[in-house]
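Participant: Got a structure for you, written out below as structure tokens; questions coming shortly.
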Amino acid sequence: MSTATDSAPVLLCLGVNCHTAPVAVRERFSVSKKHLEETLRSLCALPSVAECVVLSTCNRTEIYCCTAVPAVAAESLLEHFLAGLPEAESLRRVFYRYEQEAALRHLARVACGLDSAVLGETEIFGQLKDAYQAALAAGTTARFLNRLFQRVFSVGKKVRSHTRITSGPTSVGAAAVQMAQDFLGSLEGRNILVVGAGEAARTTAQSLRSRGAESIFVANRSYERAVALAEEVGGKVIRFVEWVPYLENIDIVIVSTASPVYVVSPAVLEQVQTVRQRPLCLIDLSVPRNADPACASVQGVYLYDMDAMVAATEETRRTRRAEVAACETLIEEWVAEAVPDLLEPSPEAFPAAADVTA
């Protein structure tokens, strides 16, 4: 890990998100929890990187780093992330790069949900905390990023408490449930299968329950986690190796797992549809995708992926845009205060890391 203590620290953000690239491109840069520590350490091993945090969600992958040589850092990070991809040159255009004040502003907007697919969504705030805690545990943050993230969490809380940016459905899971409800009408009496038991699956199952769904089945590779989620939403458990036969009686399938390969194939759905002969709503919230895109060609199957979620939430965006100006004002006030304190500080100004789980 290099140091930036000999001069004022430089904050750099390099990322790709749902606004700059489709899911087929974003999934190539997704960093799983399993490989997050390795990725963090590899980035901090680059000569130009002093500290770093990696935020990887279904809608974005971003690197926040502290460096004294921004141009070199940007180039190194880009080459590191694109390593091994034959079309690296053509993919450079999907990345955005922010430095110093612009990076502060972008991070604050991310924390407040202003840069999310669902405007004002609250999940990103917890995901950002998790990303920071993972970097802290991996030893890839120090005084600069520790102070920065502690302060950005405070502005995120302030914006949410002083505006109505979070009014209405905020999570991708809630948006998925709304799409299913629009497609099938009332959820009462419908059989719903949730494949996966992670955060997105959990929030989706909770939204399903709150919308009147009573027949919820949960399948997950970890049977214990499936049991825990099913108990939380009053559902039933299906062992992961046995969920396919249940499709004959399922109306809505929501897939959200960490599998790097497809878990739903056209061949399986074709066989199921010959028996059920009624519409099947298949919603894939996974990045990388868990449902083969070719599933959309199966008769009676209606497939929606994360890009479809982005399009479906445009109406929610319109209703919340009236609050954006108030949010931006609070963020600009925060940036004005943070620039002299964070980007032009004396070394002793930085406190030790603090717990941000509250």
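The values are calculated or read from the model by the stated rules, or taken from the named source; none is laboratory data. Everything quoted here is computed from the prediction, not taken from an experiment. Reconstructed Cβ throughout: ideal geometry from the backbone, glycine too, with neighbour counts over all protein chains shown. The protein model used for the area step is the full one, side chains on, heavy atoms only, and it has no ligands, DNA or RNA in it. Shrake-Rupley method; radii C 1.70, N 1.55, O 1.52, S 1.80 Å.
Participant: Return the carbon/sulfur percentage of the accessible area of the chain, one whole number, probe 1.4 Å, all protein chains in place.
Facilitator: 51
Participant: When the helix-only estimate is applied to the chain (DSSP H runs of n ≥ 4, each -39,500 (n - 2.57), divided by the residue count), what is the mean residue ellipticity at 222 nm, nearest 500 deg cm²/dmol?
Facilitator: -14000 deg cm²/dmol
Participant: Using the crude model of +1 on Lys and Arg Cβ and -1 on Asp and Glu Cβ, and no other charge, please compute the dipole size for the chain relative to its Cα centre, in debye to 20.
Facilitator: Taking the Cα centre of the chain as origin, the dipole is about 580 debye.
Participant: Okay, next question. For the chain, what does the accessible surface come to per residue with a 1.4 Å probe? Please give it in Å².
Facilitator: Using a 1.4 Å probe on heavy atoms only, each residue of the chain averages 43 Å².
Participant: Assuming a ≥ b ≥ c are the square roots of the Cα gyration tensor eigenvalues, decide whether the range 271-337 counts as rounded (a/c under 1.5), prolate (otherwise, with a/b larger than b/c) or oblate.
Facilitator: The shape class here is prolate.
Participant: Tilt of helix 199-210 relative to the longest C-alpha principal axis of the chain, in degrees (0 to 90, nearest 10)?
Facilitator: The answer is roughly 50 degrees.
Participant: Then there is this: Within 10 Å, count the other beta carbons around each residue, average over each peptide in 283-295, 28-40, and list them highest first.
Facilitator: Those peptides, ordered most packed to least, come out 283-295, 28-40.
Participant: Collect residues whose amide H, placed 1.01 Å from N in the peptide plane, falls under 5 Å from the amide H of residue 191; neighbours closer than 5 in sequence don't count.
Facilitator: Those lying under 5 Å, H to H, from residue 191 are 251, 252.
Participant: A further question follows. Pull the list of the chain cysteines that no other Cys approaches to under 4.7 Å, Cβ to Cβ.
Facilitator: For the chain, the answer is 13, 18, 44, 58, 66, 112, 281, 295, 327, because their Cβ atoms have no other cysteine Cβ under 4.7 Å.
Participant: For Rg/Rh (Cα atoms, Kirkwood Rh), several values are listed as (i) 0.95; (ii) 1.00; (iii) 1.40; flag the one computed from this structure.
Facilitator: (ii)
Participant: Around residue 49, which amide H atoms from residues at least 5 apart in sequence, or from another chain, sit under 5 Å from its own amide H, with H modelled in the peptide plane?
Facilitator: 2
Participant: How far is helix 143-162 tilted off the main Cα axis of the chain, in degrees rounded to 10, range 0 to 90?
Facilitator: Compared with the principal axis, the helix lies near 60 degrees.
Participant: Using the alpha-carbon atoms, what tilt in degrees (0 to 90, nearest 10) does helix 33-44 show relative to the longest principal axis of the chain?
Facilitator: Helix 33-44 and the main axis of the chain meet at about 20 degrees.
Participant: Apply the Karplus curve 6.51 cos²θ - 1.76 cosθ + 1.60, θ = phi - 60°, to the phi angles in the range 217-234 and return the couplings in whole Hz, x for Gly and Pro.
Facilitator: Values per residue, Gly and Pro as x: 10, 10, 10, 7, 4, 8, 4, 4, 5, 5, 4, 4, 5, 4, 5, 5, 10, x Hz.
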